[in-house]
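Laboratory data are not the source of any read-out in this text; all were calculated from the coordinates shown. What you see is a predicted model; the values in this text were computed from it and never measured. Reconstructed Cβ throughout: ideal geometry from the backbone, glycine too, with neighbour counts over all protein chains shown.
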Amino acid sequence: MSSTSYHIRQATTFDLHTLMQLAEATWEPTYHSILSKEQIDYMFEVIYSAESLERQMQEGQTFLLLNEGEQPVGFASFSVKDGAGQVYKLNKIYLLPETQGKGYGKVLLEAVEQEVKKRGATILDLNVNRYNKAKGFYERCGYRVWQEDDIAIGPYWMNDYIMRKEL
């Protein structure tokens, strides 16, 4: 872990621009070797416009923003997955490429796990593209492949693993 100070707080609609900037800086490096430029651009517009992010918040996604010092460097979001509230889903987790390797991914993931446990979760699920090297990171953090899922997003497909961890 870096000796630089960091803190995590819940994001609000006042942070939409920051979330959009972080997503823009992380999506291309994360997905350029997995998805076409056209698919990245399409999905980015569908998921990360200000209107879309605000709607996600209104529909129950909680966003956590990680700052290194005063600089936003990453974010995660989660929501209830099942009606009983015991299974939550990690919807997003992204860090600026230049901060990867500092341990922030693990810190942010653990912050999500702690927050959903406080809310009654016993399981946290996440989706990861079957070709995303982040799968190894999630495995090191205790997640296991539970299912495969092919999700249509407009004219494109996301070919994912659903990974699960019992909390």
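Starting from region 124-143, keep only residues that are surrounded by fewer than 14 Cβ atoms within 10 Å (Cβ to Cβ), then list their pairs with residues that are outside any helix (DSSP H, G or I) and among the small types (Gly, Ala, Ser) whose Cβ atoms are within a distance under 8 Å, requiring at least 6 positions of separation or different chains.
As it stands, the answer is 131/33, since those pairs meet every condition given.
Would you confirm, using the coordinates I've provided, whether residue 161 is not in a strand (DSSP E or B) and not charged (D, E, K, R)?
Answer is no for this residue.
State yes or no: is residue 51 charged (D, E, K, R), in a helix (DSSP H, G or I) and under 23 Å from residue 160 (Cα atoms)?
It is false that residue 51 is charged (D, E, K, R), in a helix (DSSP H, G or I) and under 23 Å from residue 160 (Cα atoms).
So that you can scan it fast, the table gives a plain yes or no per residue for (1) charged (D, E, K, R); (2) buried (at least 20 other Cβ atoms within 10 Å of the Cβ):
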residue	(1), (2)
33	no, no
36	no, no
39	no, no
46	no, no
49	no, no
66	no, yes
94	no, yes
98	yes, no
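Of all residues being touching a strand residue (DSSP E or B) at 6+ places or on another chain (Cβ under 9 Å) and surrounded by fewer than 21 Cβ atoms within 10 Å (Cβ to Cβ) in region 101-116, which is nearest to residue 161 (Cα to Cα)? Just the residue, please.
113
Quick check on this structure: which one of 106, 117, 135, 89 is among the basic types (Lys, Arg), within 23 Å of residue 24 (Cα to Cα) and in contact with a Leu (Cβ under 8 Å, 6 or more places away or on another chain)?
Just one listed residue meets the conditions, 89.
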